[in-house]
1. Sort out which residues of the range 174-189 are closer than 22 Å to P155 by Cα and of a type in the set (V, I, T), and write them in order of number.
2. Go through (1) touching a helix residue (DSSP H, G or I) at 6+ places or on another chain (Cβ under 9 Å); (2) modelled with pLDDT under 95 for H172 and report which single condition fails.
3. Within the range 166-207, take every residue that is among the charged types (D, E, K, R) and closer than 12 Å to G143 by Cα and give me the one that is surrounded by the fewest Cβ atoms within 10 Å (Cβ to Cβ).
4. Quick one: count up the residues across the range 123-149 that are among the aliphatic types (A, V, I, L, M) and crowded, with 20+ Cβ neighbours inside 10 Å.
5. Output the number of residues of the range 153-210 satisfying the condition of being among the basic types (K, R) and over 17 Å from the mean Cα position of the chain (by Cα).
6. If the requirement is being of a type outside the set (A, V, I, L, M, F, W, C) and either surrounded by 24 or more Cβ atoms within 10 Å (Cβ to Cβ) or under 17 Å from R166 (Cβ atoms) (or both), which of these qualifies: H106, H96?
7. Show the residue pairs that are 6+ apart or on different chains and have beta-carbon atoms under 6 Å apart, the first residue being within the range 80-103 and on the phi > 0 side of the Ramachandran plot, the second being surrounded by fewer than 24 Cβ atoms within 10 Å (Cβ to Cβ).
Amino acid sequence: MTGSEDRRDGSDRSTSFDPSDLPIHDDTDSDSRSTTSEQKTGLSSSARRVSTNAIPVTIADYAVTDADVPLKTSGLGSCIGVAIHDEEAFVSGLLHFMLPKASQAHSGPHPEAKFADTGIEAMLSEFRDLGGDPTRSWAKGAGGATMIVFEKTKPSIGERNADALRRELETHDVSIVGTDFGGNHGRSLEFVPGRGTLTITGADGTERTL
């Protein structure tokens, strides 16, 4: 669109379906596609300031910036996009992760940004490098839809992702001030640092701003 765990976090592996083996595919629109190897690594704060219109974040990817430039991502199904913002330092980050925990991946290697735990950790490391402080920051998130129903995978991947995000942000003392989770449709996101707004455009034609 990361170990043992209790059933709330999706440790039930009775199904043969393993979401960690899903390919990382870029189904974003043309305005959101990365064009350089730097943009696909997640090491992105200064590298991505070449764009004055928007900073693209692809699936299993993140970006951090201290500029007033929108951060955009799309192709969110069961994946979750989370924007983190420090108003005092004016540092922002946007992560698009696919799965709750890196330790649950059956095969690898995988990019850190594919998972909630390693993705949040990697993004916040760069967030701090730019002067951001997670403890005075807030977050807004969206996604976590149930796109495909697997009877033996409950709760759904989207629900597990939402739980993982809340857990990771609590660990890092980042408060959540707005969410748009669930449903059965895809989403695209745009975070505008200067306004502090996360605009969610649904594949069903709806639009919501947090």
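The values are calculated or read from the model by the stated rules, or taken from the named source; none is laboratory data. On a predicted model such as this, the values are computed, not experimentally measured, just so you know. Don't worry about glycine lacking a Cβ; one is built from the backbone with ideal geometry, like all the others, and counts go over all protein chains shown.
1. I176, T179
2. Failed condition: (2).
3. Just the residues of the range 166-207 that are among the charged types (D, E, K, R), to begin with: 166-168, 170, 173, 180, 187, 190, 195, 204, 207.
Filter again for closer than 12 Å to G143 by Cα, leaving 180, 187.
On the way: D180: 21, R187: 27.
Looking at residues that are among the charged types (D, E, K, R) and closer than 12 Å to G143 by Cα, I get D180.
4. Step one: of the range 123-149, the residues among the aliphatic types (A, V, I, L, M) are 123-124, 130, 139, 142, 145, 147-149.
Add one more test, that the residue is crowded, with 20+ Cβ neighbours inside 10 Å, and what stays is 123-124, 139, 142, 145.
Qualifying residue count, the range 123-149: 5.
5. As a first pass, look at the range 153-210 and keep what is among the basic types (K, R): 154, 160, 166-167, 187, 195, 208.
Those left that are additionally over 17 Å from the mean Cα position of the chain (by Cα): 154, 195, 208.
Residues meeting the conditions: 3.
6. Details: H106 fails: either surrounded by 24 or more Cβ atoms within 10 Å (Cβ to Cβ) or under 17 Å from R166 (Cβ atoms) (or both).
Of the residues listed, the single one that is of a type outside the set (A, V, I, L, M, F, W, C) and either surrounded by 24 or more Cβ atoms within 10 Å (Cβ to Cβ) or under 17 Å from R166 (Cβ atoms) (or both) is H96.
7. Pairs found: F90/D66.
Yes/no per residue for (1) modelled with pLDDT under 80; (2) surrounded by 13 or more Cβ atoms within 10 Å (Cβ to Cβ); (3) more than 19 Å from G158 (Cα to Cα):
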| residue | (1), (2), (3) |
| --- | --- |
| D26 | yes, yes, no |
| S30 | yes, no, yes |
| S45 | yes, yes, yes |
| V50 | yes, no, yes |
